[in-house]
C-alpha cells in the first residue's frame with residue numbers, strides 16, 4: 001500500500017499501529033536519512049504513553065515503557081555493519097511478547113530474520129514536507145484485520 005502523507009498522515013498511521021500492537025510485533029523501517037523513520041517511532045511512542053522517544057543513532061537501542069504494559073524497543077542500525085548486527089543482542093527483544101520493536105535501517109537485519117514474521121514500512125522523502133510511505137502487504141492486511 002503506497003500513500004503520500006504529510007506529518008498529520010504519519011501521525012494517523014502511527015496511531016493506527018499503536019492501537020493494534022499487543023507485543024511481539026517487529027517493524028522494519030526502511031528509508032534514507034530524513035525520510036521520517038524517527039518521527040514515526042516518536043509518534044507511536046507518544047500514542048502508547050511512552051516518554052519522549054529520542055533517536056538511538058549513537059546508543060543503538062532505546063527502550064520505552066508504555067501504558068499497555070509492554071515495552072517499545074527502538075533500534076537504529078545506521079552505524080552497524082552486518083557482523084556487528086550478528087553480534088548485537090537483539091534476539092532477546094525481537095518477537096518477545098514483552099516488546100514491540102521498531103528497527104530503523106531495518107534492511108540491515110532482514111537477512112537474519114528468515115522464516116520470521118515482521119512488517120516493513122518504506123519511507124521516502126518528497127518535496128513540500130511530504131513522505132511516500134509503502135506498507136508491506138502483510139502489514140496492510142494486519143491493520144485491516146485488527147480493526
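Points to keep in mind about this one:
- Fluctuation leader among 77, 47, 88 - the chain, Gaussian network, Cα springs under 10 angstrom: 88
- Each stretch of four or more DSSP H residues adds -39500 (n - 2.57); spread over every residue of the chain, this sum gives -8000 deg cm²/dmol at 222 nm.
- Peptides 26-37, 63-74, ordered by how many other C-beta atoms sit within 10 Å of their residues on average, highest first, read 26-37, 63-74.
- Label selected from (1) 240; (2) 113; (3) 104, the criterion being volume of the Cα convex hull per residue in Å³ as computed here: (3)
- Part-to-part distance (alpha-carbon centres) for the range 72-139 and the range 1-54, which is given in Å: 12
- With contacts taken as Cα pairs under 8 Å at a separation of at least 6 residues, the range 27-125 carries a relative contact order of 41 percent.
Values quoted throughout were computed directly from the atomic coordinates according to the rules given, and no laboratory measurement underlies them. None of these values were measured; they are calculated from a predicted model. Note that each Cβ is placed from the backbone with ideal geometry, even for glycine, and that neighbours are counted across all protein chains shown.
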